[in-house]
Amino acid sequence: MNKPWLGQYPAGVPSEIDCQKFSSLKEMLSVTCARYGDLPAYRSMGTAMTFREIDEASRAFAAWLQKVAKLQRGDRVALMMPNLLQYPAVLFGVLRAGMVVVNVNPLYTPRELAYQLKDSGATAIVVLENFAHTLAQVVENTPIRTVITTQVGDLLPPLKRLLTNTVVKYVKKMVPQWQMDSAVDFKQVLAVGRAQSLDDVALTHDDLAFLQYTGGTTGVAKGTMLTHGNMVANVLQVAAWMSPNLNDGEETLVIPLPLYHVFALTGTLSFFSKGAEAVLIANPRDMPAFLKVLQQSRFTAIIGVNTLFRALLDAPGFANVDLSRLKLTVAGGMAVQKVVAQRWNQRAGVPLVEGYGLTETSPVAIANPVTVQEWSGQIGVPVPSTDAAIIDDDGLALALGQVGEIGVRGPQIMKGYWNRPDETAKMFTVNGWMRTGDMGVMDENGSIRITDRKKDMIVISGFKVFPNEIEDVLTMHPDVLEAGVIGVPDERSGEAVKAVVVCSSAALTEADLLAHCKLHLTGYKIPRIVEFRTEPLPKSNIGKILRRELRGEKKAVSA
């Protein structure tokens, strides 16, 4: 097929990557740890673990899973932790033991947790003690047979570990009471595992690496089957894409997004493969602590989402953060708003480089070149070894400039949904395109701009309205902190635009806001209903505004 986007590739970025470079993530991780040995790999709470130390800890954990827990190749192991040093050690250990990682949001309710554990068939879980009370409520009704608990400071130096764990548990009282008689302590697991032999497990691209849960393009959470081949491909794709800006073994990445989210997971693994140090932020909502880490870290890269970058820009202490070494800022997970992109460029001196993907694409499929000088409002072009097209409802490619659904193909595309062949079939066209559920348009250079989620599109008297565009205009107003736009039933036009807005000033009126919208939007796109709120809008675990919850609230009101 014609690939006009290749003309936008920076010098040194290949059109194809060698997917056979590594047989599995296990091999890639082992090679990387051996290559960068004594360099810092991960840093948390002021303490760094080198590549060699991560390798040793993950080996001990893998051996314990095999020899003590008696888990088998292909068994699922759940991880329920924020960004701590334990996370990469456990993650790599599960993979090198030949098992499958099931990432779990630590903030899940008992119902959500029980659903995911049952659906995945996970038989073991590693949980931060702060969240063990949630697991304790449901564990007996799940397949879980091995519970490993860890405390916040478990991989810190001894004195710091004791102090941290004491403060978290007894001073800040962040550990609710829990009881699971069979739970094993993480430190004990590592101690015992170091004395065990590790059986080498030969893995191939076809073996599962992750069951990564997502709502996908439909409602119920599904386990996305990401193979070692999918993940190796995407790590290599992202590493190649970043190569014009980054030097092996010399970079420091700040990672405030949770590693249990696929965007942070693959992004961090890509930096890891290049010998970079990752500074883990366990709770970016604690802005004073987050800023303190930034002030102490001479970082060269940061990845995040629109809401996180806006929160940083609005934080007074951010003015004191040294950004002189910053080379790369990557934004994904949700649409970047123009006002945020402009403010970031002014403050940081580097643009927000927007990328695009889904859990089903491991996740990166499309991205702007890292050499761009300013934000364009486009998500970019397909990354190496990836094809994209704008397709119609029948899966046929549309002409350049036409709006349709974005379809993608490449080695990073999921194997399918866990135990859901019917849902898997719905995601693919007969000619192999994976439907993304996002509407977009491709220009003559192969650059793609998202208009909106297919299911979020509002149709007013036959005209298509995309909430992203209206939200972008609303947040351009200096008194608007955040905005969510949904369609609501309307007798005359079929649907009407409703805006839910959180402002920084009580003086802002509906008339003021609508006057602002009239300057930037044609008549049928202007909100017919404006609802002001004082509380933050509902968001996903990475900060994306959940329009489905706003729609659900509307349905509940009208019921």
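The values are calculated or read from the model by the stated rules, or taken from the named source; none is laboratory data. What you see is a predicted model, and the numbers here were worked out from it, not measured in a lab. Glycine gets a Cβ as well: all are built from the backbone with ideal geometry, and neighbour counts include every protein chain shown.
Okay, here's what the table says:
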| item | result |
| --- | --- |
| Members of region 399-421 that are crowded, with 16+ Cβ neighbours inside 10 Å and free of Cβ contacts under 8 Å to residues at least 60 places away in the same chain | G404, E405, I406, G407, V408, R409 |
| Number of positions in region 91-111 that are within 17 Å of T134 (Cβ to Cβ) and over 19 Å from the mean Cα position of the chain (by Cα) | 3 |
| Residue that is surrounded by the most Cβ atoms within 10 Å (Cβ to Cβ) [pool: residues in region 344-389 that are hydroxyl-bearing (S, T, Y) and more than 20 Å from C19 (Cα to Cα)] | Y356 |
| Residues satisfying the stated conditions in region 347-361, i.e. among the β-branched types (V, I, T) and either within 15 Å of L312 (Cβ to Cβ) or part of a loop (DSSP other than H, G, I, E, B) (or both) | V350 |
| Every residue from region 370-390 that is within 24 Å of L312 (Cβ to Cβ) and not hydrophobic (A, V, I, L, M, F, W, C) | T371, Q373, E374, S376, G377, Q378, G380 |
| Qualifying position, being surrounded by 15 or more Cβ atoms within 10 Å (Cβ to Cβ), of a type in the set (S, T, N, Q) and under 30 Å from V408 (Cβ atoms), among N445, N468, N541 | N468 |
| Complete set of residues in region 16-26 that are in contact (Cβ under 8 Å) with a residue 60 or more places away in the chain, in a helix (DSSP H, G or I) and surrounded by fewer than 21 Cβ atoms within 10 Å (Cβ to Cβ) | C19, K21 |
| Residue ranges of helices (runs of 4 or more DSSP H) in region 55-140 with at least 1 members among the aromatic types (F, W, Y), out of contact with any Cys (no Cβ under 9 Å at 6 or more places or on another chain) and surrounded by fewer than 24 Cβ atoms within 10 Å (Cβ to Cβ) | 110-120 |
| Residue selected from region 170-187 under the condition in contact with a strand residue (DSSP E or B) (Cβ under 9 Å, 6 or more places away or on another chain) and not in a loop (DSSP other than H, G, I, E, B), by the criterion farthest from A57 (Cα to Cα) | V184 |
| Lone qualifier among Y42, Y87 - being under 23 Å from the mean Cα position of the chain (by Cα), aromatic (F, W, Y) and more than 21 Å from Y213 (Cα to Cα) | Y42 |
| Pairs, first more than 21 Å from I366 (Cα to Cα) and assigned to a helix (DSSP H, G or I) in region 422-438, second of a type in the set (F, W, Y) and at pLDDT 95 or above, C-beta under 8 Å, six or more apart | E423/Y417; T424/Y417 |
| Some residue of region 511-530 being over 19 Å from I460 (Cα atoms) and aromatic (F, W, Y) | no |
| Criterion: touching a residue at least 24 places away in the same chain (Cβ under 8 Å) and in contact with a strand residue (DSSP E or B) (Cβ under 6 Å, 6 or more places away or on another chain) - qualifying residue of T204, T224, T134 | T224 |
| Pairs, first under 16 Å from L481 (Cα atoms) in region 503-525, second basic (K, R) and in a helix (DSSP H, G or I), C-beta under 9 Å, six or more apart | C517/K525 |
| Count of region 45-54 residues which are in a helix (DSSP H, G or I) and either polar (S, T, N, Q) or more than 24 Å from the chain's Cα centre (by Cα) (or both) | 2 |
| Answer residue from region 243-266, given it is within 27 Å of W5 (Cα to Cα) and in contact with a helix residue (DSSP H, G or I) (Cβ under 7 Å, 6 or more places away or on another chain) and is surrounded by the most Cβ atoms within 10 Å (Cβ to Cβ) among those | V262 |
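Per-residue answers, yes or no, for (1) part of a loop (DSSP other than H, G, I, E, B); (2) among the acidic types (D, E); (3) under 18 Å from the mean Cα position of the chain (by Cα):
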| position | (1), (2), (3) |
| --- | --- |
| V201 | yes, no, no |
| F210 | no, no, yes |
| L226 | no, no, yes |
| N230 | no, no, yes |
| N234 | no, no, yes |
| A239 | no, no, yes |
| N245 | yes, no, no |
| Y260 | yes, no, yes |
| P284 | yes, no, yes |
